[in-house]
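I have placed the structure first, in the form of structure tokens, so that the comments after it can refer back to it.
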Amino acid sequence: MVFFMQSLLSSRGIVLLGALLCLSCVVADEQKNIRFLEKTIRASEQGLVLDAVVGVQLSGEAEKALKSGVPLVWAVTARLWQSRAIIWDEKIAEVVYRYQISYHALMDVYRVKDEQSGAEKTFTSLQLALNEIGGLKNILITADRSISKKTHYSIGLLFALDKERLPVPLRLVAYYDPGWVLTSQWDIWSFQK
């Protein structure tokens, strides 16, 4: 009897481990819905500016919620670190930009709102609206005076669905359903001014 219970417990452990591995594969697969296609950093009169192109593809669950009238808010987080030889890198700046996409069934159009400027654009297809939120232009990272010449820097970029802006009943589902894992991996690269 003891042997039977031990084998049953070990079988449950194996099944649980297998389920967790499958879930992690699903989550990793969903993260392919958001990927950085291009990115450039440049100096302008205002300071250090980022331009990027992000490929965004909604999951079936997110598209269904959008078409049901739930606006989706996307957060673009950019972090800048100064590389240091002796101790950990120093964080110089962090900015978050938000973009909202909504669907208006009566007019059969998608609206994209830049929450920083308040500017809105209307699109006739979902793909055009996703291309608009994925085309990041003139993201001000930091004023140029805080950047030193001949110094190495790292910049990290994350593009993710802001689940905190979803309605509460849907928010609870979004935290546990793999179909709502709509985030990129941190994309980190180095540069020298």
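Remarks
- Within region 83-150, strands (runs of 3 or more DSSP E) holding 3 or more residues that are hydrophobic (A, V, I, L, M, F, W, C) and modelled with pLDDT under 95: 90-104, 135-142
- Listed by first and then second residue, the pairs with beta-carbon distance under 8 Å, at least 6 apart or on different chains, first residue in region 120-144 and in contact (Cβ under 8 Å) with a residue 12 or more places away in the chain and farther than 16 Å from residue 155 by Cα, second among the small types (Gly, Ala, Ser) and part of a strand (DSSP E or B), are 134/55.
- Residues of region 67-110 satisfying the condition of being over 20 Å from residue 54 (Cβ atoms), surrounded by fewer than 17 Cβ atoms within 10 Å (Cβ to Cβ), touching a strand residue (DSSP E or B) at 6+ places or on another chain (Cβ under 6 Å) and among the aliphatic types (A, V, I, L, M): 109
- Identity of the residue in region 31-62, in contact with a Leu (Cβ under 7 Å, 6 or more places away or on another chain) and assigned to a helix (DSSP H, G or I), that ends up surrounded by the most Cβ atoms within 10 Å (Cβ to Cβ): 62
The values are calculated or read from the model by the stated rules, or taken from the named source; none is laboratory data. Remember, predicted model here, so these are calculated numbers, not experimental data. Virtual Cβ from ideal backbone geometry, glycine too; neighbours counted across all protein chains shown.
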